[in-house]
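See structure below.
The values are calculated or read from the model by the stated rules, or taken from the named source; none is laboratory data. From a predicted model like this one, the values you see are computed outputs, not experimental measurements. In this analysis, Cβ positions are derived from the backbone assuming ideal geometry, glycine residues included, and neighbour counts consider all displayed protein chains. We work out accessible area using only protein heavy atoms, side chains counted, and drop any ligands, DNA or RNA first. Shrake-Rupley method; radii C 1.70, N 1.55, O 1.52, S 1.80 Å.
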Protein chains: 2
Amino acid sequence: MSKLAVVALGGNALLRGDQKGTIDEQEQNTADTLENMVYLLKEDYNLVISHGNGPQVGNILMRNDAGEQIYSIAQMPLDICVADSQGGIGYMIERILRNVLRKHDIDKNVISVITQVVVDKNDRAFNDPRKRVGKIYSKSEAEELMKSKGWIFKEEVKAEGGWRRVVPSPVPISIMNEEIIRDLALAGNVVIAAGGGGIPVYIDEENNVRPAEAVIDKDLASSLMGARIRADEFYILTDVPYVYINYKKPDQKIMEFLNYADCYKYLKQGMFSEGSMAPKIRAALNFIEKGGNKSVITEATKLEDRSFGTKITMEYEN
Amino acid sequence: MSKLAVVALGGNALLRGDQKGTIDEQEQNTADTLENMVYLLKEDYNLVISHGNGPQVGNILMRNDAGEQIYSIAQMPLDICVADSQGGIGYMIERILRNVLRKHDIDKNVISVITQVVVDKNDRAFNDPRKRVGKIYSKSEAEELMKSKGWIFKEEVKAEGGWRRVVPSPVPISIMNEEIIRDLALAGNVVIAAGGGGIPVYIDEENNVRPAEAVIDKDLASSLMGARIRADEFYILTDVPYVYINYKKPDQKIMEFLNYADCYKYLKQGMFSEGSMAPKIRAALNFIEKGGNKSVITEATKLEDRSFGTKITMEYEN
């Protein structure tokens, strides 16, 4: 029987930091990434694809700011901006993947599902917003926006300075329509879901679904989705071929296999940088903890050789 | 067995022309509209909901313009803007509908599907763009944009003048994932699909799916979806309770029932205004032509009394 896998595409898979963000660049990067995933599709995996939205939702937030300034168009809250980005990116991936599948004579359909992800409104992240979003403001602009919109700001530590809005990044607890996502994938559709970490919502006292002004870590939401749809494997595609210990130090070591306990120990020892690998490791461990068989962290270009990449399992494979 | 119906929500259902477009207004309008649809849901219809996106995609286009002006952020093409609007609006409808269903103890799930709609690249609309989108430009700005982006402009006829981008509005020929949309609806999910007329794409000579810089009439795409998913009934919710003959004239007459032939005759006689009722009539006829049983044009608030509204069928009911 075909294995079920969730593949989380990193930000670089769609748009690199050194690019301007034109649609041509985004489409080319997406096509390159999806070409590399053909190896998984040819092996007859059932796939659910999730994706980041950092640069895209950043641009949507900046456009909201600019549209208010020039044309007095009401700004949309963060949940709508994330939902917008799921629409645009989900469509782009779906359209291009259809062409890649056709090129390789792989008979699979593709469908993109707008995905709300539920968080706990008592998550302590709501009292400690840390995730930086949108544009960099001057101190006086930031103070004005704190008053007018209730936004919270933190000072930028980078050379150019300035202030940036911070929002909570709560832990995802469930994925709306997770059973449908599973069923669609098991029926042979490649499903695109939980983009940008999902649209964050919470359930209030009266059981109503309410929008949360927050963003959810994309890898964590993807690993939760993997566990909830009972996926066998969880792939995080990033810009390094392996997880390393002592990364970029003289005693740097490639970790080809990691069991849960060792990986967790290295994480606690601070072996993985908070800005990049640590959240991926947490997501990979989260998938195993919740019953998944194997998490793989690697580059998209390495999927051709399935022996590549760091494989994390509960116990070392013999 | 439950009937299957497609319900197309008009622009006013989500955002009225006299409103600013804040998220609070949009959410309130959406909640009011969905409350009125409870009567259909209680009668155990299986429903697919489509929606307009005029004001929302208009704002997205204006924000794209403003973001380029202030922050030099690359503008996205029209297909991505429509896809963005499907994400934001689809999510908003889904979240609010979940709350409305819960309030009325109706045990149904909701799912939003990003929907590409296929048009023919040889559609003559591509040689005759007419649909006005985005902001009003001065003549010199319009000339600049014709050169830099290849956009086509038409002069505004309204008092304030100016120039506006026009794009093709081709005829929709198929709905991607139409069988999945049908299956999800028959399984009891309320499906939100083909928002804003769908994301327009065409199939090129090599069978690749390509983006079309166009917009598709929302009611026409919805009626096609209705026919393709073999829906029994097709509802167009608008801001009048009935279709009228001699509308706003001394001999104005409510048409409670119309058969295909009479309705077609009135359309050809110019009885319905091109800016508002004529496209709805075309969509209603299109559904019947393609095998649907009944098209209904009415206000959302009138759904409680099912005898209300204009019912269009192939033959008059006896």
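Remarks
- Tally of residues being open to solvent by less than 30 Å² (accessible area, probe 1.4 Å) and at the interface with chain A (Cβ under 7 Å from one of its Cβ atoms) across the stretch B:62-76: 7
- The stretch A:1-30 residues that are within 21 Å of A:A221 (Cβ to Cβ) and open to solvent by less than 30 Å² (accessible area, probe 1.4 Å), paired with ones that are of a type in the set (F, W, Y) and assigned to a loop (DSSP other than H, G, I, E, B) (beta carbon under 7 Å, 6 or more apart): A:A5/A:Y45
- B:I89 being at the interface with chain A (Cβ under 8 Å from one of its Cβ atoms) and among the β-branched types (V, I, T): no
- Condition check for A:K311: under 22 Å from A:M225 (Cα atoms), open to solvent by less than 60 Å² (accessible area, probe 1.4 Å) and assigned to a helix (DSSP H, G or I): no
- A single member of A:E178, A:E155 is touching a strand residue (DSSP E or B) at 6+ places or on another chain (Cβ under 7 Å), farther than 19 Å from A:P77 by Cα and among the charged types (D, E, K, R), and it is A:E155.
- Summed over the stretch B:94-127, residues that are of a type in the set (D, E) and either within 9 Å of chain A (Cβ to nearest Cβ) or over 21 Å from the mean Cα position of the chain (by Cα) (or both) total 3.
- Residue in the stretch B:90-112 that is nearest to B:G150 (Cα to Cα), counting only those that are touching a Ser or Thr at 6+ places or on another chain (Cβ under 8 Å), open to solvent by less than 10 Å² (accessible area, probe 1.4 Å) and in contact (Cβ under 8 Å) with a residue 40 or more places away in the chain: B:G90
- Residue within the stretch A:159-168 that is modelled with pLDDT under 95 and open to solvent by 80 Å² or more (accessible area, probe 1.4 Å) present: yes
- Residues of the stretch B:16-49 that are outside any helix (DSSP H, G or I), closer than 26 Å to B:R182 by Cα and within 14 Å of chain A (Cβ to nearest Cβ): B:I49 alone.
- Every residue from the stretch B:271-287 that is open to solvent by 40 Å² or more (accessible area, probe 1.4 Å) and at pLDDT 95 or above: B:R282
- Qualifying positions in the stretch A:169-196 - buried (at least 20 other Cβ atoms within 10 Å of the Cβ) and more than 14 Å from chain B (Cβ to nearest Cβ): A:S169, A:P170, A:P172
- Condition met for B:V82 (of a type outside the set (K, R) and under 19 Å from the mean Cα position of the chain (by Cα)): yes
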